[in-house]
Amino acid sequence: ADTADELVRAELAGLSLAPVRERDRLVETVLAYAATGSVADVAARLYCHRNTVRSRLQRFAELTGRDVTVPTDAAVVLLAIQASGDHGRRPA
């Protein structure tokens, strides 16, 4: 539990700077990107433009320091999201 809490703090703390609605959209976008690996597929899944997806992924990177388009960063972020309990926000 202590390791999981530390992982969440270390990797996702920057998200606290964003309003809740933005944070939810960023996590939703990251999870959708992790599931598909495709900006176009995420855009279709979330009913938004590809540039919106790119902007959200970039904003996530700005806030967390992790670029989820890089596999090693994505792995760390997904573990942190799982540990935080936000994994339930996975898009349909």
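The values are calculated or read from the model by the stated rules, or taken from the named source; none is laboratory data. Bear in mind that the values here come from a model prediction, so they are computed numbers and not experimental data. Ligands, DNA and RNA are excluded from the accessible area calculation, which covers all protein heavy atoms including side chains. Shrake-Rupley method; radii C 1.70, N 1.55, O 1.52, S 1.80 Å.
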| remark: For the chain, longest principal axis from Cα atoms; helix 71-84 axis from its Cα atoms; angle between them, nearest 10 degrees, is 60 degrees
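Give the average over all directions of the projected area of the C-alpha convex hull of segment 9-62, one decimal, in nm². Each step should come with its number before you reach the end.
Details: hull surface 14.3 nm².
Hull-based average projected area comes out at 3.6 nm².
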| query | Ignoring ligands, DNA and RNA, what accessible area per residue does segment 1-83 give at 1.4 Å, in Å²? | reply | 57 Å²
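For n ≥ 4 DSSP H runs only, could you compute -39500 (n - 2.57) per run for the chain, divide by its residues and tell me the 222 nm figure to the nearest 500? Let's see the in-between values first.
Values: 5 runs with 65 residues, N = 92.
Mean residue ellipticity at 222 nm (helix-derived): -22500 deg cm²/dmol.
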| Using Cα atoms only, what is the angle between the long axis of helix 20-36 and the major principal axis of the chain, expressed in degrees (0 to 90) to the nearest 10? | 70 degrees
| request: Using a 1.4 Å probe over the heavy atoms of the protein chains, calculate the carbon and sulfur portion of the accessible area of the chain as a whole percent. | output: 50 percent
| message | Between 0 and 90 degrees, rounded to the nearest ten: what's the tilt of helix 2-12 against the longest Cα principal axis of the chain? | response | 40 degrees
